[in-house]
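These notes are about the structure you will find just below.
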Amino acid sequence: MYPENLTVCMTPEEKEVLLLLEYAIFRYHGFDDNERERLENDAAAMHAQAQLEKVYAFVDDILQKTNQSEVAVFEATLRRIKEVFAQLPEERRLEYVIQVWNANKAKGYVTEIEAIAMLKVAKELGVQRGFVEYVRQKR
């Protein structure tokens, strides 16, 4: 679950993209019922159920256009994240990446491919150093 102080100041578009990133990371190894429940609970906590529906539609559209390519989903997600988060301060971008990392880690493990994907997102958003420092601290 995302902290209240983070979600209060988020725009609907930021909530949508944050949920999109979480969904894309969850999908890397298959999207199970626990992850679906986690994603839906996070959306409810942010009062972002409408944004989650947009996320599902966005991903379904990409999957249809690309013959079920998870790589295409991740690349489209990355482009969308950069569009929305690029203008945000570095601290805020880092906080969003950390929150998705924590949401993914809450299931009890992080796969290598998920970690690599999160590193790629952090790099694209210009927060790789801060993200790596955070992960090292929390090990």
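All of the numbers you see were taken from the coordinates with simple rules; none came from a lab. None of these values were measured; they are calculated from a predicted model. Virtual Cβ from ideal backbone geometry, glycine too; neighbours counted across all protein chains shown.
Data overview
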read-out	value
Principal axis box of the chain, alpha-carbon based, largest edge first, Å	38, 31, 29
Cα-based convex hull, segment 55-130, per residue volume (Å³, whole number)	97 Å³
Sorted by Cβ neighbour density within 10 Å, fewest at the top, the residues THR77, THR111	THR111, THR77
22 Å Cα cut-off, lysine pairs counted over the chain (separation 8 or more, or different chains)	18
Sites ALA115 and GLN87, calculated FRET efficiency, Cβ-Cβ separation with R0 25 Å, nearest 0.05	0.40
